[in-house]
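I have placed the structure first, in the form of C-alpha cells, so that the comments after it can refer back to it.
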Amino acid sequence: MLVIGRLIKRCLVTLSLVAVVFSANAQNSSYITSHKVMATVLSQYYGIPASVILAVATIESSGGAGPAARVLNNHFGMEGKNNFVNKRGHKSRYKQYPNELASYIDFCQVVSRKSFYEDMKGNDDSRAWVKALSRCGYSEVPEEWEKKVFSVFAVYKLDHYTSKPFNTMLASR
C-alpha cells in the first residue's frame, strides 16, 4: 500500500509539472504574439532585432505574468523609481512605466546608449546581440540569462522576427 501511495504521489507531481510547463509555454506564446508588432516597429527604428526585444521581454516579464510587468508595466527588469508600495510597505527596486510601450521604448533607448550599440545597430545576428547585452552587465547572472534567452529563440522560433522584411514579419504567425 505504501508503494502504491508513493507511485500516486510521483504521478501527481509529474502531471503538475507538465501542466506548469504547458501553461508557461502558452503564456509565453500568447505574449510574443501580442507584442510582436510593437517589437517589430521598435526594431525598425532602433536597429535592434525584434527577436532580441521579444525574447528579453518574455524572459524578464515571465511572459507578461510577472509582478513587475503586471503592476509596474516593466517588461525588461529595469531598475528605477516607482510609486508602488506593497501591502507590507515595501517599494520595488523596479522602474514604473505608464504603459507597456514606454517600457519597450526605454529598453531600446538604454540599449542604444551601450558602447556596443553603434557596431551592432542593424545587425540581424540575435545571438551576437544577446552576448553583447550580457557582456555589458544587463543581467546579474549572464551565462544563465543567455541560456534562457537562447531557449526562447529556439522554442518560439523567433529568428524569423529578425531577417524578414517588415510587412512579412507582421503577417507571420
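The values are calculated or read from the model by the stated rules, or taken from the named source; none is laboratory data. Please read all numbers here as calculations on a predicted model, not as lab measurements. In this analysis, Cβ positions are derived from the backbone assuming ideal geometry, glycine residues included, and neighbour counts consider all displayed protein chains.
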Take the residues of the stretch 48-68 that are among the small types (Gly, Ala, Ser) and not in a loop (DSSP other than H, G, I, E, B): which is farthest from Val130 (Cα to Cα)?
Ala68
Those residues of the stretch 69-94 which are touching a strand residue (DSSP E or B) at 6+ places or on another chain (Cβ under 6 Å), part of a loop (DSSP other than H, G, I, E, B) and without any contact (Cβ under 8 Å) to a residue 24 or more places away in the chain amount to Arg93
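The rows are residues; the columns are (1) surrounded by fewer than 18 Cβ atoms within 10 Å (Cβ to Cβ); (2) more than 13 Å from Ile59 (Cβ to Cβ); (3) at pLDDT 95 or above.
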residue	(1), (2), (3)
Ile105	yes, yes, yes
Val111	no, yes, yes
Ala132	no, yes, yes
Glu144	yes, no, yes
Leu158	no, no, no
Tyr161	no, yes, no
Lys164	yes, yes, no
Checklist (1) surrounded by fewer than 18 Cβ atoms within 10 Å (Cβ to Cβ); (2) under 21 Å from Ala154 (Cα atoms); (3) at pLDDT below 95 applied to Asn86, failing item:
(2)
For the stretch 69-83, check the following and say yes or no: at least one residue is among the acidic types (Asp, Glu) and buried (at least 17 other Cβ atoms within 10 Å of the Cβ).
no
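Let's see how each residue does on (1) at pLDDT 95 or above; (2) at positive phi; (3) touching a helix residue (DSSP H, G or I) at 6+ places or on another chain (Cβ under 8 Å):
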position: Ala24; (1), (2), (3): no, no, no
position: His35; (1), (2), (3): yes, no, yes
position: Val56; (1), (2), (3): yes, no, yes
position: Ile59; (1), (2), (3): yes, no, yes
position: Gly64; (1), (2), (3): yes, yes, yes
position: Asn74; (1), (2), (3): yes, no, yes
If I filter the stretch 23-61 down to residues being of a type in the set (S, T, N, Q) and crowded, with 18+ Cβ neighbours inside 10 Å, which single residue comes out as nearest to the chain's Cα centre (by Cα)?
Thr58
